[in-house]
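Asker: Sharing a structure here in structure tokens format.
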Amino acid sequence: CGGSISNSSGMLQSPFYPGSYPNNADCVWEIQVENNFRVMLTFRDIAMQSSRCQDDYIEVYDGPPHSSPLLGRLCSGSFPTYISSSNMMTVRFHSDSRYTFRGFQAHYSSVPADHNTTLLCLPDYMHAVVSRDYLQSQGYSAQMVTLNDNGCTPTITSREIIFNIPYNGCGTTREENNDTINYSNMIKVTSSGYIIKRKKNLHLHISCKMLQNTWMQIMYVAEDTVDVDENQFGRYDMNITFYDSSSFSQQVHDSPYYIDLNQNLYLQACLHSSDPNLIVFVDTCMASPDPHDFNTVTYDIIKNGCVKDSSYATYYSPYSHFARFKFNAFEFISRHTSVYLRCELVVCRLGDYTSRCYRGCVRRSRRDTSSAEERVDVVVGPLRLREGDAQSRNAG
């Protein structure tokens, strides 16, 4: 029921399809395909309670659910096809507590976007490329192409015009909208002529929309950077690193990382972004003996900003892009040799005291807990208890 999807094509269907779906379901699928591709979603079967789609329904959003236009709400009738305007689409399935039916089945695939212009949302800048063949076909030359800020000039090759646009310069504007921070700029192609001109100017609007809530699944190990798809919709590039002391001067590079029971574990979460006006907040960290299952056997260290483990503590960080914290090592009782950690980190605007990063311990609404669109998983690790010849294995 829901989740993040990054495959180029596949199938979506309601829980237990073609059997009856459960009551009180609320499933959110976030489909994110390669950069400069679009998501095409085609419904193949819909059988739901059809009282004006108020009780049981499917919603399709043109991007993340909280900040994107609603493409359609449906519960019966025809089998439509939707195409996103970016590399991301969200599908939500909702059922109430009364009647239940077969549900729905839909197929999604990725289709190429217009290759005249391409855009990559990298950690430090937007990488925008304009085809010279495209410009020439419209009657423009490479020398006519500028940014909003004329001082930021492109690199011109025989085939392309390339802009590397920082998030905090070159006229880039930033706007927050629910679950995304939107960085926008404009490439202008200006028609020549000092007194008169007969061609329209061409404006290419570009934007990188970064999801503020970023899930990271880590294990107790040092080199655990997230491999993030940096697309038109992207997630902030994060990593979490272990350190050997509260001075946070020496990284831990052992893998697996062998530790003693009740040993202090020092961690630093780091955001890679050229925008200095951002801050990182550790919202949730939970532990599990199984890196693929954070539901069956888990232990909360911090949840929704509320400290659950008495050994958890935060440390002062000299930079807002860092969040530093520690807790004491433990093991799960009986049969489990490893401990794995998954943390939810939130990115907010520095000094925005109404944002999640400044609210501390909160109870989440049901809608927040049911949405799965912000999760990014990475598999590394694990941490193991030092015993027997573990010290010699670690040294080796």
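The values are calculated or read from the model by the stated rules, or taken from the named source; none is laboratory data. Owing to the predicted nature of the structure, the values given are computational and were not obtained by experimental measurement. Cβ placement follows ideal geometry from the backbone for every residue including glycine, while neighbour counts extend to all protein chains displayed. Remember, those area values only see protein heavy atoms, side chains included, never the ligands or the DNA or RNA. Shrake-Rupley method; radii C 1.70, N 1.55, O 1.52, S 1.80 Å.
Asker: Measure off, as a whole percent, the carbon and sulfur share of the 1.4 Å-probe accessible area of region 2-112, all protein chains present. Could the numbers behind the result be given before it?
Answerer: Numbers: 2180 of 4590 Å².
Its accessible area is 48 percent carbon and sulfur atoms.
Asker: Ranked highest first by the average count of other Cβ atoms within 10 Å around their residues, in what order do 95-106, 15-26 fall? Could the numbers behind the result be given before it?
Answerer: On the way: 95-106: 17.7, 15-26: 14.6.
In descending order of packing, they fall as 95-106, 15-26.
Asker: Run the quick spin-label model on residue 96 and residue 260: label points 7 Å from Cα toward the beta carbon, then report their separation in nm to one decimal.
Answerer: 6.1
Asker: At 1.4 Å probe size, with the rest of the protein present, what percent of the exposed accessible area of region 138-180 is carbon and sulfur atoms?
Answerer: On region 138-180, the fraction of accessible area on carbon and sulfur atoms equals 40 percent.
Asker: Within 10 Å, count the other beta carbons around each residue, average over each peptide in 304-313, 321-330, 244-253, 339-348, and list them highest first.
Answerer: Working: 304-313: 15.1, 321-330: 19.4, 244-253: 12.6, 339-348: 23.2.
Peptide ranking by packing, descending: 339-348, 321-330, 304-313, 244-253.
Asker: How many angstrom lie between the Cα centre of region 107-149 and the Cα centre of region 31-58?
Answerer: 29
Asker: When the Kirkwood radius is taken over all Cα pairs of region 2-112, what Stokes-Einstein diffusion coefficient follows at 10 °C and 1.306 mPa s, in µm²/s?
Answerer: Details: Rh = 13.9 Å.
The calculation lands on 115 µm²/s.
Asker: Could I ask something else about it? For region 1-70, run through the trypsin sites (Lys or Arg not before Pro) and keep only the ones in DSSP coil with at most 14 other Cβ atoms within 10 Å of their Cβ.
Answerer: On the way: sites: 38, 44, 52; in loops: 52.
Loop-located and lightly packed - 52.
Asker: At a Förster distance of 25 Å, what's the computed FRET efficiency of residue 188 paired with residue 164, Cβ-Cβ distance as r, to 0.05? Before the final figure, lay out each step's value.
Answerer: Values: r = 17 Å, r/R0 = 0.67.
Efficiency, from the Cβ-Cβ distance: 0.90.
Asker: I would also like to ask the following. Within 10 Å, count the other beta carbons around each residue, average over each peptide in 133-142, 119-128, and list them highest first. Each step should come with its number before you reach the end.
Answerer: On the way: 133-142: 13.7, 119-128: 19.9.
Peptide ranking by packing, descending: 119-128, 133-142.
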